[in-house]
Amino acid sequence: MKKAFFPLVLFLSMALMLGSVLTAFAERTAGAVIDDATITTKVKYELAEDVKFSTLKTVQVDTHKGEVTLTGKVQSHEEKKHAGSLASKVEGVVKVHNMLSVVPEK
């Protein structure tokens with residue numbers, strides 16, 4: 001029984017060590033991923049609640065280590081600036097990369 005148990009313990013130990021090493025290389029813990037998801041949700045909420053963004057479907061929000069990237073289309077430079085301003089005010093946001101394209105409605 002002891003001989004059959006040893007390979008299982010060895011395998012589980014190696015799996016735990018590999019998981020730790022991969023987490024260190026990725027530099028993103030589960031907590032960091034959850035924090036980024038929370039920030040993304042809060043930014044989307046702020047944009048959705050703002051009257052100026054009736055076309056929220058065209059704005060995507062991505063967060064990595066507290067840095068928010070806004071992509072998509074807005075109708076004016078004022079909307080682009082306003083979206084960046086809203087995002088920067090959300091708790092936990094370290095930096096905003098405003099990559100929104102201005103495409104006026106025709």
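Read-outs: derived from the displayed coordinates by stated rules, not from any lab. Since this is a predicted model, take the numbers as computed values, not measurements. Counting neighbours? That spans all protein chains shown, and the Cβs are built from the backbone with ideal geometry, glycine included.
Within 10 Å of each residue's Cβ, count the other Cβ atoms and sort K81, K42 from fewest upward.
With the fewest neighbours first, K81, K42 line up as K81, K42.
Could you check the spin-label model distance between S101 and Y45? Points 7 Å from the Cα along Cα→Cβ, value in nm.
About 3.1 nm, to one decimal.
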